Amino acid sequence: MRKALRWLLALTVFIGTLSTAGAATAAQSEPDIKDRLLAIPGMSLVQEKPYPGYRYFVLNFTQPVDHRHPSKGTFQQRITVLHKDTSRPTVFYTGGYNVSTTPSRREPTQIVDGNQVSLEYRFFTPSRPAPADWSKLDIWQAASDQHRVYQALKPIYSANWLATGGSKGGMTATYFERFYPRDMDGVIAYVAPNDVVDKEDSAYDRFFAGVGTKECRDRLNAVQREALVRREPLEKRYAQYAADNGYTFDTIGGLDRAYEAVVLDYVWGFWQYRLLKDCDTVPADAATATDDAVWDSVDTISGFSAYTDQGLETYTPYYYQAGTQLGAPTIHFPYIDKKLIRYGYQPPRNYVPRSIPMRFQPEAMRDVDTWVRRHARHMLFVYGENDPWGSERFRLGAGSRDSYVFTAPGMNHGANVAGLVPDQKALATARILEWAGVAPAAVEADPSAARPLARHDARLDVRDVEREPALRP
């Protein structure tokens with residue numbers, strides 16, 4: 001009996017040794033993640049940057065200029081990969097503008113403790129075809145960029161995928177889902193505007209009539225009005241500011257137009273990027289404030305460089321899309337004498353060089369809105385209570401399934417799941433974990449137990465609102 005037991009024990013140890021050796025051999029033979037990424041046709045390395053617990057790659061990926069006619073030229077599109085483990089879920093992020101090449105982790109990536117692929121939007125430098133055929137900058141072409149990147153990376157990252165983005169990136173994630181609904185396992189769209197009818201913008205006027213407190217609104221309105229009352233002396237200062245910095249105003253059509261555009265962005269910009277408590281930083285009595293105080297307040301919130309040629313150039317792709325498909329808001333200023341306003345909110349056409357033709361397509365946003373109402377599945381929309389961009393938002397219809405629209409109280413354009421009321425925060429976190437395929441059994445049994453799977457990293461996790469000049473989502 002003892003011999004039999006000794007023999008059985010020896011056999012068990014032997015099998016275990018073989019198993020361990022086999023696993024080690026398999027681990028040694030598995031290609032390095034960088035090699036696997038660079039083996040993808042059209043993928044090339046720009047840079048690898050170290051970050052504890054991850055591998056981080058900045059890459060270029062060859063894309064067709066026109067996905068309908070791939071033979072008609074290509075361009076290099078910038079992407080980044082924050083790699084954790086091929087067995088973890090992957091979050092596909094786009095901000096809708098340039099991509100940052102500094103390692104960062106979006107909220108859903110922290111929640112699911114996953115990988116993150118970030119994509120630069122087509123036509124934002126350096127991801128711009130040369131020469132640039134601007135007719136190929138539309139939401140379907142951009143969604144097709146994402147689709148090709150997903151197809152290329154899915155064989156490596158085979159677990160569940162979630163799409164996410166904030167503001168224009170939230171719009172982008174939604175459009176991707178509309179055109180390629182079988183790619184992602186879930187979508188988390190933050191503060192995504194939805195301008196279904198471009199010419200009907202009364203929702204914004206209603207928002208500004210009631211946002212925050214009357215005291216705060218009165219302060220902001222007074223500074224904005226005072227900046228127009230003092231137009232002559234402040235425009236002289238603007239001219240000197242432009243000369244000192246080499247700024248020009250050819251695209252918008254002159255310094256006077258640019259000055260008014262900056263001033264009219266002031267109230268919007270405050271609510272987009274600031275909180276109610278920040279009203280204390282606004283001059284309390286605009287009429288008696290110094291020119292310096294009025295200038296500094298407007299510059300801090302709106303930015304006097306925003307409508308210079310140099311300020312507009314980076315965002316030409318956005319303004320082109322606003323004027324061809326996305327739409328742009330128009331608001332009114334009942335507290336300002338009409339004689340003080342010469343141009344009002346100017347259309348996107350005024351912010352794009354005249355050499356680039358533009359034609360508005362009103363059907364584009366109606367199509368997406370209808371699709372979301374009828375077909376949304378595994379979609380979460382998060383808005384900020386005090387964010388003007390949430391005035392026109394995505395809404396769900398009878399055809400939607402397992403989808404949600406939540407509003408974070410008191411938050412601005414940086415609204416997120418963490419800022420939701422407790423029950424909505426728990427539900428949103430639980431659904432994200434479930435869509436990603438990593439919900440612990442305790443969360444499946446009780447959604448109120450849902451928590452992010454990864455610990456917060458102050459350097460890696462992006463929590464603040466992405467700062468763009470006002471009137472850009």
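Scanning segment 262-305 for residues that are more than 25 Å from the chain's Cα centre (by Cα) and of a type in the set (G, A, S) yields A284, A286, A287, A289, A293, S297. Would segment 266-275 turn up any residue that is open to solvent by 70 Å² or more (accessible area, probe 1.4 Å) and under 23 Å from R342 (Cα atoms)? No - not one qualifying residue is present in segment 266-275.
The residues of segment 101-140 that are surrounded by 19 or more Cβ atoms within 10 Å (Cβ to Cβ), polar (S, T, N, Q) and assigned to a helix (DSSP H, G or I), listed by number, are T109, Q110. Return the residue satisfying two criteria in turn: it lies in segment 174-199 and is among the aromatic types (F, W, Y) and crowded, with 24+ Cβ neighbours inside 10 Å, and of such residues it is nearest to A364 (Cα to Cα). If we take residues in segment 174-199 being among the aromatic types (F, W, Y) and crowded, with 24+ Cβ neighbours inside 10 Å, then Y175 is nearest to A364 (Cα to Cα). If only residues of segment 404-455 that are of a type in the set (D, E, K, R) and in a loop (DSSP other than H, G, I, E, B) are counted, the one that is most open to solvent (accessible area, probe 1.4 Å) is R455.
Sort through Y343, Y335, Y351, Y307 and tell me the only one that's within 25 Å of K168 (Cα to Cα), of a type outside the set (S, T, N, Q) and touching a residue at least 60 places away in the same chain (Cβ under 8 Å).
Working: Y343 fails: within 25 Å of K168 (Cα to Cα); Y335 fails: within 25 Å of K168 (Cα to Cα); Y307 fails: touching a residue at least 60 places away in the same chain (Cβ under 8 Å).
Exactly one of Y343, Y335, Y351, Y307 is within 25 Å of K168 (Cα to Cα), of a type outside the set (S, T, N, Q) and touching a residue at least 60 places away in the same chain (Cβ under 8 Å), namely Y351.
Could you please let me know if T90 is among the hydroxyl-bearing types (S, T, Y), over 13 Å from the mean Cα position of the chain (by Cα) and under 21 Å from Y157 (Cβ atoms)?
Judged against the criteria, T90 is a match.
For the condition among the charged types (D, E, K, R) and either modelled with pLDDT under 95 or within 17 Å of V149 (Cα to Cα) (or both), R78 qualifies.
Screening S202 against (1) free of Cβ contacts under 8 Å to residues at least 60 places away in the same chain; (2) in contact with a helix residue (DSSP H, G or I) (Cβ under 7 Å, 6 or more places away or on another chain); (3) open to solvent by 10 Å² or more (accessible area, probe 1.4 Å) leaves a single unmet condition, (2). The listed residues are T330, T324, and the only one of them that is farther than 21 Å from Y266 by Cα and open to solvent by less than 70 Å² (accessible area, probe 1.4 Å) turns out to be T324. In segment 61-91, what residues are of a type in the set (S, T, N, Q) and either buried (at least 21 other Cβ atoms within 10 Å of the Cβ) or not in a loop (DSSP other than H, G, I, E, B) (or both)? Residues satisfying the conditions are T62, Q63, T74, Q76, Q77, T80, T90. Within segment 212-252, the set of residues being of a type in the set (V, I, T) and closer than 25 Å to A322 by Cα comprises T248, T251, I252.
Restricting attention to segment 364-418, the residues being touching a residue at least 60 places away in the same chain (Cβ under 8 Å), farther than 15 Å from T174 by Cα and among the β-branched types (V, I, T) number 1. Do we find a residue being touching a strand residue (DSSP E or B) at 6+ places or on another chain (Cβ under 6 Å) and more than 26 Å from P388 (Cβ to Cβ) anywhere in segment 166-183? Within segment 166-183, not a single residue is touching a strand residue (DSSP E or B) at 6+ places or on another chain (Cβ under 6 Å) and more than 26 Å from P388 (Cβ to Cβ).
A search for C-beta distances below 9 Å between a residue of segment 58-83 that is of a type in the set (K, R) and any residue that is part of a loop (DSSP other than H, G, I, E, B) and open to solvent by 40 Å² or more (accessible area, probe 1.4 Å), counting only pairs 6+ apart in sequence or on different chains, returns K72/D133; R78/N98; R78/T101; R78/P126. Within segment 307-319, does at least one residue satisfy the condition of being of a type outside the set (F, W, Y), open to solvent by less than 20 Å² (accessible area, probe 1.4 Å) and touching a His at 6+ places or on another chain (Cβ under 8 Å)? Scanning segment 307-319 turns up no residue that is of a type outside the set (F, W, Y), open to solvent by less than 20 Å² (accessible area, probe 1.4 Å) and touching a His at 6+ places or on another chain (Cβ under 8 Å).
Can you tell me which of N245, N221 is of a type in the set (S, T, N, Q) and either under 25 Å from V352 (Cα atoms) or open to solvent by 50 Å² or more (accessible area, probe 1.4 Å) (or both)?
Answer to the check: N245.
The values are calculated or read from the model by the stated rules, or taken from the named source; none is laboratory data. From a predicted model like this one, the values you see are computed outputs, not experimental measurements. Cβ atoms come from the backbone with ideal geometry, glycine included; neighbour counts cover every protein chain shown. These area figures cover heavy atoms from the full protein model, side chains too; ligands, DNA and RNA do not enter into them. Shrake-Rupley method; radii C 1.70, N 1.55, O 1.52, S 1.80 Å.
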